[in-house]
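Note sheet for the following structure.
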Amino acid sequence: MNEKKDTIILAFESSCDETSVALVRNGAQVLAQSTATQIQSHQRFGGVVPEVASRHHIEQIIGCLDDVFQQTGLGYTDLAAVAVTYGPGLVGALLVGVSAVKAVAFAHNLPLVPVNHMAGHIYAARYTAPIEFPAMALLVSGGHTELVYMPQENDYQIIGETRDDACGEAFDKIGRVLGINYPAGKEIDELAHQGKDTFNFPRAMEKEDNYDFSFSGLKSAFINTVHHADQIGTKLSHADLAASFEQSVVDVLAEKTVRALHNFPVKQLILAGGVAANSGLRTRLEKECAQIQGVDLLEAPLKYCGDNAAMIGAAGYVGFKHGNRAGMTLNAEPGLEFPWLSV
Amino acid sequence: MKILAIDTSNRPLSVALLEDQTLLAENTTTVSKNHSVTLMPAIEEIFKQSQLKPEEIDRVVVAQGPGSYTGLRIGVTTAKTLAYSLNKELVGVSSLAVLAKGVQADAKTLLVPVFDARRDNVFAGGYMWDDGQLKNVLPDQHISFSKLCKQIMGKEVCFIGADVAKFANQLKELMAGQDYRIAPAESAVPRAFNLGTLGLLKEAENVNDFVPRYLRITQAESQWLKRNPQEGKKHGPYVKKY
Ligand SMILES: [Zn+2]
């Protein structure tokens with residue numbers, strides 16, 4: 001039996017279409033993780049249907065929980081705490097994880113650590129290297145696009161975010177136009193590598209003096225270009241379309257991020273979220289960071305870029321150390337956000 | 001046998017601890033706006049009142065549906081996880097049967113608990129007392145209220161539930177000349193004590209596979225099936241583990 005020199009946290013994640021449970025040691029080592037993905041179910045509908053997602057979570061949650069105990073041979077007495085994503089996300093989906101974690105905390109009298117899903121995405125990078133402060137995180141996923149400043153551990157402040165579509169959402173929407181199944185990010189990324197930026201789509205808000213993003217103009221320009229070509233009977237290169245779209249996204253994200261790095265001296269730029277797997281974005285930010293003195297790029301391992309419980313365990317460990325606790329009244333908070341930078 | 005019973009299937013919230021047929025503690029409210037916030041504190045409270053520890057129970061009994069999808073998931077997830085992590089038995093009972101259990105009647109009376117399912121639809125079932133046992137004689141179903149009335153015509157009917165009042169005008173029309181009554185108001189709220197006694201004799205379920213009985217597939221899926229009639233059950237699997 002573990003002598004509790006180590007802090008082992010049992011973590012739950014169910015905010016969207018992945019049911020995931022993990023056992024994490026000291027916020028840095030994944031002892032076991034079991035994830036059930038529903039992508040194939042939602043592909044029927046071209047996107048995540050909340051009620052369907054909630055139903056799948058309740059089918060999967062105990063199986064995932066059982067897996068991590070079976071894989072490690074650990075028991076409840078080995079645990080220091082339990083942690084859970086309580087927002088942001090789909091309310092019905094979040095409620096499955098929140099209800100389950102409260103039942104475990106009550107049954108075994110364990111401290112309960114509430115975790116913001118976005119802090120989880122940032123801490124996925126912890127599985128590459130320790131996070132050093134102050135740090136900046138660029139969070140890009142299907143639901144979120146934001147720049148988060150972290151002056152110290154357990155302190156997250158938004159400095160900019162998307163005004164309309166999330167970055168990953170834009171990928172899915174133009175994917176539909178190109179006949180690519182949801183989630184479209186990976187396939188568009190591959191396609192982009194075979195093409196060139198020939199369409200020169202708009203770079204929204206690129207020169208504006210803030211850290212906010214916008215992708216709806218780009219999305220409209222893309223859709224109009226394709227529809228116009230359809231009407232006059234021309235065939236456009238999907239590879240060039242994808243490359244042009246991706247280049248515009250990468251330019252906007254990189255421009256704003258670099259501006260933030262110049263105004264907020266940090267030790268690390270953390271690239272996090274599902275879209276962090278995009279190779280065009282990774283390459284570009286690597287190049288940009290190499291040119292800024294003292295800033296290292298820290299990327300989450302590819303396997304922890306999507307939604308998973310390991311990242312919740314890593315962020316939960318930090319929250320646990322800092323005394324973040326929730327009681328039995330913990331509720332799902334679908335619109336949960338970090339505070340904005342206080343100036 | 002010590003039982004924890006949980007019903008969050010509709011607006012009321014009820015939890016109880018029982019020892020066999022005897023009630024130890026019960027917490028029943030109709031003012032809970034959010035079962036996610038109120039369920040666990042209510043469970044904590046009845047354990048405290050009865051001076052029991054979670055590991056001392058033998059079985060968790062949960063109202064499995066039909067009812068509010070979100071309410072069912074909060075109750076069922078909590079029940080599943082408690083049963084799994086305490087290594088106790090899990091039993092599901094019809095949420096409609098819980099209401100029927102609260103009404104004593106003679107062996108000729110058809111008890112018809114009703115939940116509003118909107119757009120003139122209801123969740124309803126038919127139950128009868130037979131030799132001290134409550135029997136399900138008409139399966140729980142999602143059905144239009146007028147069809148339900150057709151199914152139960154010619155019987156001595158007793159409607160149960162807070163939602164019956166919403167159908168008062170239709171009742172007069174559809175059940176004109178029929179022998180029916182509405183159960184008194186105090187039986188319209190489900191009580192976890194009744195749930196627990198119903199769950200006492202049932203066989204334990206597989207905890208992992210246990211899901212709510214929604215009695216309806218989702219709108220997205222029914223539309224998808226209409227567009228893809230040949231797919232049916234062969235499609236899938238929808239969830240992949242890694
Ligand atoms: Zn996410």
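The values are calculated or read from the model by the stated rules, or taken from the named source; none is laboratory data. These figures come from a predicted structure and were not determined experimentally. Here Cβ is always computed from backbone atoms with ideal geometry, including for glycine, and neighbour counts include all displayed protein chains.
Looking across region A:131-155, the residues that are more than 15 Å from the ligand (Cβ to nearest atom), touching a residue at least 24 places away in the same chain (Cβ under 8 Å) and within 17 Å of A:Val115 (Cβ to Cβ) come down to A:Ile131, A:Met150, A:Glu153, A:Asn154. Looking at region A:314-330 only, could you name the residues that are more than 14 Å from chain B (Cβ to nearest Cβ) and in contact with a Pro (Cβ under 9 Å, 6 or more places away or on another chain)? Across region A:314-330, the qualifying residues are A:Gly316, A:Gly319, A:Phe320, A:Asn324, A:Arg325.
If I ask for residues that are buried (at least 19 other Cβ atoms within 10 Å of the Cβ) and farther than 23 Å from A:Ala93 by Cβ, which ones from region B:28-42 would you list? Matches in region B:28-42: B:Ala42 only. Reported count of residues in region A:111-159, each being over 15 Å from the mean Cα position of the chain (by Cα), more than 24 Å from A:Ala81 (Cβ to Cβ) and of a type in the set (S, T, N, Q), is 1. Scanning region A:314-343 for residues that are among the polar types (S, T, N, Q) and at pLDDT 95 or above yields A:Asn324, A:Thr329, A:Asn331. When region B:187-227 is filtered for residues that are in contact with a His (Cβ under 6 Å, 6 or more places away or on another chain) and either crowded, with 21+ Cβ neighbours inside 10 Å or of a type in the set (A, V, I, L, M) (or both), only B:Leu215 remains.
Taken together, the residues in region B:213-224 that are under 25 Å from B:Tyr84 (Cβ atoms) and either within 7 Å of chain A (Cβ to nearest Cβ) or of a type in the set (S, T, N, Q) (or both) amount to 0.
Conditions (1) of a type in the set (D, E, K, R); (2) in the same structural domain as A:Val266 (by TED's automatic domain parsing); (3) surrounded by fewer than 19 Cβ atoms within 10 Å (Cβ to Cβ), marked per residue:
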| site | (1), (2), (3) |
| --- | --- |
| A:Tyr86 | no, no, no |
| A:Gly89 | no, no, no |
| A:Ala135 | no, yes, no |
| A:His144 | no, yes, no |
| A:Gln157 | no, yes, yes |
| A:Gly175 | no, yes, no |
| A:Gly185 | no, yes, no |
| A:Ile188 | no, yes, no |
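Pairing each residue of region B:85-110 that is of a type in the set (Lys, Arg) with any residue that is in a loop (DSSP other than H, G, I, E, B), provided the two are 6+ apart or on different chains, yields C-beta distances under 7 Å for B:Lys88/B:Ile57; B:Lys88/B:Asp58. Where helices (runs of 4 or more DSSP H) fall wholly inside region A:237-343, the ranges with 2 or more residues that are surrounded by 15 or more Cβ atoms within 10 Å (Cβ to Cβ) and of a type in the set (S, T, N, Q) are A:238-263.
Looking at region A:28-129, the strands (runs of 3 or more DSSP E) lying wholly inside it that each contain 2 or more residues that are in contact with a Lys or Arg (Cβ under 9 Å, 6 or more places away or on another chain) and within 16 Å of the ligand (Cβ to nearest atom) sit at A:29-37. Among the residues of region B:63-90, those that are under 21 Å from A:Cys64 (Cα atoms) and either basic (Lys, Arg) or in a strand (DSSP E or B) (or both) comprise B:Arg73, B:Lys80, B:Lys88, B:Glu89, B:Leu90. Condition test on A:Ala100, is it buried (at least 24 other Cβ atoms within 10 Å of the Cβ) and under 19 Å from B:Thr81 (Cβ atoms)? Taking the combined requirement at face value, the residue satisfies it.
Being surrounded by 19 or more Cβ atoms within 10 Å (Cβ to Cβ) and not aromatic (Phe, Trp, Tyr) is the filter; apply it to region B:122-133 and report the residue that is farthest from B:Leu215 (Cα to Cα). My answer is B:Met128.
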